[in-house]
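The values are calculated or read from the model by the stated rules, or taken from the named source; none is laboratory data. Predicted, not measured: the structure shown is a model, and the values here were computed from it. Glycine gets a Cβ as well: all are built from the backbone with ideal geometry, and neighbour counts include every protein chain shown.
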Amino acid sequence: MKLHVSAALSPLHSCLLGLMLLTSSSVHFGSAMEVTVSPDVIGLNGTSAKLSCTFNSCYDVNEKRFSLNWTYAECSNCTQDVLVQFWQKVIIPRDDRFAGRVEWSGNLKRNDVSITIHDIQLSDEGFYNCSVLNPPDRHNGWGIIHLQVVTEVPPERDSTVAVIIGASVGGFLAVTILVLVIVKCVRRKKKQDHHSEDQKTEEEGKTDGEGNQEEDEKQH
């Protein structure tokens, strides 16, 4: 769930609006702080993966007081390693695991604190925690992203054969229906013609009978 607040709204109104909306699995609240993340991210081994994280606060962001922590853990109960921090500026600590592969992709003016991990490896799988504190909010907001790394992209289903089969079956059914309609029309036409001939014969018989009766009356 992502919230879109008009720029015309004050921070207080934005806060009240955010508190009125229902939460979801991708939205986490810490007091008045709200953090929105994509809870599950799948990345291809050797490529880049963006971990999106945005926040909403009752107060304007003051870079001198604002703080951010991105941490990584292999499991939900494992020790957390710091990836990115913000304390008056973006700080990317040196880490052997992610050395030179972590990039700041956020924009604090837009309440965006996303990061990107380049050349992701299978060993990068795990849980990434985005924790934000924007004083005078007293409690931080946080969101957890589970990153899964795959070695190959699942092949797309080739629908060409299905389309050909569907078109063939549809064409066959159309021809069959057309033939049945023509046969039905021909039979109906023949039936009407036969009925007309019988009616004509019957009328001719009646005419002949009436003529013979008149001739007999004249003879008598």
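Residue-wise test of (1) at pLDDT 95 or above; (2) surrounded by fewer than 19 Cβ atoms within 10 Å (Cβ to Cβ); (3) of a type in the set (D, E, K, R); (4) outside any loop (DSSP other than H, G, I, E, B).
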| site | (1), (2), (3), (4) |
| --- | --- |
| K2 | no, yes, yes, no |
| F55 | yes, no, no, yes |
| E63 | no, yes, yes, no |
| N77 | no, yes, no, no |
Which of the residues spanning the range 83-93 are at pLDDT below 95 and of a type in the set (S, T, N, Q)?
Q88
